Amino acid sequence: GENVEQHPSTLSVQEGDSAVIKCTYSDSASNYFPWYKQELGKGPQLIIDIRSNVGEKKDQRIAVTLNKTAKHFSLHITETQPEDSAVYFCAASKGGGFKTIFGAGTRLFVKA
Amino acid sequence: GAGVSQSPRYKVAKRGQDVALRCDPISGHVSLFWYQQALGQGPEFLTYFQNEAQLDKSGLPSDRFFAERPEGSVSTLKIQRTQQEDSAVYLCASSLRVTGGETQYFGPGTRLLVL
């Protein structure tokens, strides 16, 4: 069935370093790939998304890359700050109106 | 503006009790999703509504789970004869349109504990 795998499950970086989280998906019909940040006791919040007709997207310190051939996509956070500490989820769907499949999450710790 | 709200935020139920979880989506949002999130895991899809129509309920784990959205706005997820394995956070999300506006906005979730 549809599956999204996410690595690593835990990531610890020093403040100012970069963090990279990688995901793979199984359904080649997927065309929408959002990334969510979830803080303790809150619902996931969208931080960036990418559609299948684009290979890369950047928003300030956050960037996402997509390789449709390999069915890989990655989140890159540069100049990490302690407030970036949270759980990050990648996800894939076939667009609006279809279920979204989430990865298992990456717990990011940014040490001051 | 107001985001997605869910109530109650916490619910403790004895095994065998029925529970009802409420979701108030962002006004005007067409799509509404329910997810179940176990501790330390990602959200898992339960069901999807487009206005009042339930178009996908493939994620509901058993016939004890039932969801409705009768007027195309507020939605209720009902779990009958709760079991300990139903303990989880139940998340609701809404999005503005089916195409071209599929960003999902999540509520804070309802944490259900079944004893």
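The values are calculated or read from the model by the stated rules, or taken from the named source; none is laboratory data. No experiment lies behind these values; they were computed from the predicted model shown. No Cβ is skipped: glycine too gets one built from the backbone with ideal geometry, and neighbour counts run over all protein chains shown. Just the protein is used for accessible areas: all its heavy atoms, side chains included, with ligands, DNA and RNA removed. Shrake-Rupley method; radii C 1.70, N 1.55, O 1.52, S 1.80 Å.
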Given (1) of a type outside the set (Val, Ile, Thr); (2) closer than 22 Å to B:LEU39 by Cα; (3) not in a strand (DSSP E or B), identify the lone condition not met by B:LEU91.
(3)
The number of residues in region B:71-115 that are within 14 Å of another protein chain (Cβ to nearest Cβ) and among the basic types (Lys, Arg) is 2
Within the group B:VAL4, B:VAL30, B:VAL19, which residue is closer than 28 Å to A:ALA92 by Cβ, β-branched (Val, Ile, Thr) and in contact with a Lys or Arg (Cβ under 8 Å, 6 or more places away or on another chain)?
B:VAL30
Restricting attention to region B:1-25, which residues are part of a loop (DSSP other than H, G, I, E, B) and open to solvent by less than 40 Å² (accessible area, probe 1.4 Å)?
B:VAL4, B:PRO25
Hand me the list of strands (runs of 3 or more DSSP E) wholly inside region A:9-62 holding 3 or more residues that are surrounded by fewer than 16 Cβ atoms within 10 Å (Cβ to Cβ).
A:10-14, A:45-51, A:56-59
Failed item in (1) part of a loop (DSSP other than H, G, I, E, B); (2) open to solvent by 70 Å² or more (accessible area, probe 1.4 Å); (3) within 11 Å of chain B (Cβ to nearest Cβ), with A:ARG107 passing the rest:
(1)
Only one of B:GLU44, B:GLU68 is among the acidic types (Asp, Glu) and either at positive phi or away from chain A (no Cβ under 13 Å) (or both), namely B:GLU68
Subset of region B:26-37, residues open to solvent by 10 Å² or more (accessible area, probe 1.4 Å) and either among the charged types (D, E, K, R) or facing another protein chain (nearest Cβ under 10 Å) (or both), comes to B:VAL30, B:GLN37
Residue satisfying condition, being within 12 Å of the chain's Cα centre (by Cα) and in contact (Cβ under 8 Å) with a residue 60 or more places away in the chain, within set B:ALA88, B:ALA93
B:ALA93
I'd like the residue in region B:38-56 that is under 27 Å from A:VAL87 (Cα atoms) and part of a loop (DSSP other than H, G, I, E, B) and, out of all such residues, is most open to solvent (accessible area, probe 1.4 Å).
B:LEU39
Does region A:28-42 contain at least one residue that is at pLDDT below 95 and away from every other protein chain (no Cβ under 13 Å)?
yes
